[in-house]
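Contents: one structure, followed by commentary.
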Amino acid sequence: MGTWGILSVRYTGRSIPEGAPFDNVPPSVAYFVFPSEIFQMNIPRPYIFTSESVSEGHPDKVCDQISDAILDACLRADPGAHVACETAAGPDFVANLGEITCAGFEAIDKEAIVRGVVRDIGYDRPAEGFDAATLTYLDRLHGQSPDINQGVSRGSDEAQGAGDQGMMFGYATDETPEFMPAPLALSHLILRRLSALRKDGTLPWLRPDAKTQLSVLYRDGRPARIDTVVVSHMTTEEGDALIRREMPGIVRDILAPYRLVDNDTIFHINPTGRFITGGPNGDSGLTGRKIIVDTYGGASSHGGGAFSGKDPSKVDRSAAYYARYVAKNIVAAGLAARCNIQVSYAIGVATPTSICVHVDTEGTARVSEERIEDFLMHGGLFDFRPGMITRALRLRTPEGWSYRDTAAYGHFGRTDKPFPWEALDKVDALRDAFRK
């Protein structure tokens with residue numbers, strides 16, 4: 001009997017320019033010999049993967065945007081503010097709860113912020129049951145617990161402890177120009193375009209609340225076609241009949257550059273038959289209930305912590321941003337086609353627990369995962385301590401972006417704002433390090 005051995009490994013995937021179709025190129029392919037026959041291994045079977053997005057007018061996203069708008073106001077008043085702001089919304093009602101320590105907090109008009117966010121989203125019709133002018137506002141925000149603060153505020157970025165325990169994940173894949181999973185990236189794209197068409201008056205019969213869901217067929221590990229599209233969009237009475245007739249063509253036009261929609265693609269448009277009562281008048285909303293929409297659409301693991309309403313001392317947010325930053329640079333540097341990073345913390349402790357960052361490249365690494373892990377922790381290029389993450393990504397002094405900007409259509413893969421965790425400024429350093 002012979003023994004198994006790797007004869008060769010090759011990778012034929014490549015980056016896709018923005019706006020171009022997804023190329024159906026095979027993933028890593030390994031050829032094994034035993035004893036004189038060659039077997040081709042590691043080619044995934046075809047599969048369908050589904051992700052969803054929700055619009056800025058979805059009840060939970062209304063709450064996320066309010067929480068982050070209050071966070072933005074606090075950081076403008078006091079860059080060192082500690083903020084944990086929650087929002088709840090229902091029929092013509094918004095409440096804020098949570099803990100905030102912020103110099104000048106008394107001067108912040110929280111009610112004006114709430115009404116402004118709701119108005120910007122497009123809820124400006126009292127007859128719909130949720131309106132910026134008529135809603136009732138309740139404020140139950142209060143100071144942060146001193147027990148938590150003593151473990152977080154240590155006087156320096158190097159010593160700053162994590163604002164909570166937990167594990168965070170960052171992910172990147174080379175299947176789209178944004179280094180994001182295709183089903184989620186395209187679900188976000190549809191809703192962003194529909195929001196623009198609603199706001200510029202092209203589709204006046206659309207209202208703010210909406211969901212999309214895309215099921216993408218993968219062949220050889222790459223997006224091959226869209227199997228099913230679901231669009232559930234709040235409309236006016238007039239739009240109730242128009243949407244089922246017009247929406248398939250609108251979505252086809254939006255997705256046309258990617259050449260993934262074909263004659264067999266299934267469309268479900270407002271499948272319940274009617275979607276006129278929407279927003280917080282149709283369903284209650286809470287901050288932090290769309291964590292999979294906010295991240296990777298289920299293509300990656302999730303630690304369970306939400307983002308919105310939290311200042312950067314909360315590693316639920318800052319460490320997840322940093323893990324995305326690291327994973328994206330690893331994939332862009334060509335070290336792997338996909339990269340999933342886990343980091344974990346204990347409350348009040350600066351160094352990640354067990355001094356360990358776990359890397360999973362799903363079998364696509366061109367160098368060993370152990371070598372990548374060792375470099376991330378000891379190579380000097382990345383620092384996973386909470387205070388150093390905040391400093392590196394400039395999370396307390398946003399420039400050209402706001403936290404409210406992140407609160408709809410995903411926190412990752414965005415090109416409309418200069419989010420620092422999307423920068424590819426470590427690619428050359430990574431390539432140089434792994435050439436040695």
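From Gly151, Gly170, Gly163, Gly143, grab the single residue that is at pLDDT below 95 and over 28 Å from Ala95 (Cα atoms). Going through Gly151, Gly170, Gly163, Gly143 in turn, just one is at pLDDT below 95 and over 28 Å from Ala95 (Cα atoms): Gly151. Residue pairs, Cβ under 6 Å, 6 or more apart or interchain, first in region 86-113 and over 11 Å from Pro280 (Cβ atoms), second assigned to a strand (DSSP E or B) and among the aromatic types (Phe, Trp, Tyr). List them. As it stands, the answer is Glu111/Tyr137, since those pairs meet every condition given. In region 413-431, which residues are surrounded by fewer than 17 Cβ atoms within 10 Å (Cβ to Cβ) and farther than 20 Å from Ser300 by Cβ? Hits for region 413-431 are Asp416, Lys417, Pro418, Asp425, Asp428, Ala429, Arg431.
Checked against (1) under 22 Å from Ser187 (Cβ atoms); (2) open to solvent by 40 Å² or more (accessible area, probe 1.4 Å), Lys328 passes all but a single condition, namely (2).
When each of Ala256, Ala196, Ala224, Ala182 is tested for being modelled with pLDDT of 95 or more and crowded, with 23+ Cβ neighbours inside 10 Å, the lone residue that passes is Ala182.
Filtering region 248-263 to residues that are within 23 Å of the chain's Cα centre (by Cα) and either of a type in the set (A, V, I, L, M) or part of a loop (DSSP other than H, G, I, E, B) (or both) leaves Val251, Ile254, Leu255, Leu260.
Could you name every one of the helices (runs of 4 or more DSSP H) located completely within region 318-424 that has at least 2 residues being more than 26 Å from Asp164 (Cα to Cα)?
Working: elements: 369-378, 386-393, 403-406.
Fully inside region 318-424 and qualifying: 369-378.
Whenever a residue of region 264-291 is assigned to a strand (DSSP E or B), its partners that are open to solvent by 40 Å² or more (accessible area, probe 1.4 Å), lying with C-beta atoms within less than 6 angstrom and at least six residues away or across chains, give the pairs Ile269/Arg244.
Does Ser300 satisfy the criteria of being crowded, with 19+ Cβ neighbours inside 10 Å, polar (S, T, N, Q) and under 15 Å from the mean Cα position of the chain (by Cα)? So Ser300 passes the test. For the criterion of being in contact (Cβ under 8 Å) with a residue 60 or more places away in the chain and of a type outside the set (Phe, Trp, Tyr), Pro386 passes. Of everything listed in (1) touching a strand residue (DSSP E or B) at 6+ places or on another chain (Cβ under 9 Å); (2) farther than 26 Å from Lys290 by Cα, the single unmet condition for Val357 is (2). Restricting attention to region 114-148 and to residues that are within 27 Å of the chain's Cα centre (by Cα) and surrounded by fewer than 18 Cβ atoms within 10 Å (Cβ to Cβ), the residue that is nearest to Ala408 (Cα to Cα) turns out to be Asp120.
With the condition kept exactly as written, say whether any residue in region 232-244 is more than 26 Å from the chain's Cα centre (by Cα) and of a type in the set (Lys, Arg). The answer is yes, given that some residue of region 232-244 is more than 26 Å from the chain's Cα centre (by Cα) and of a type in the set (Lys, Arg).
The values are calculated or read from the model by the stated rules, or taken from the named source; none is laboratory data. Worth saying up front: this structure is predicted, and the values here are computed from it rather than measured. For neighbour counting, all protein chains shown are included, and Cβ atoms are generated from backbone atoms with ideal geometry for every residue, glycine included. To get the accessible areas, we keep the full protein, side chains included, count just its heavy atoms, and leave off ligands, DNA and RNA. Shrake-Rupley method; radii C 1.70, N 1.55, O 1.52, S 1.80 Å.
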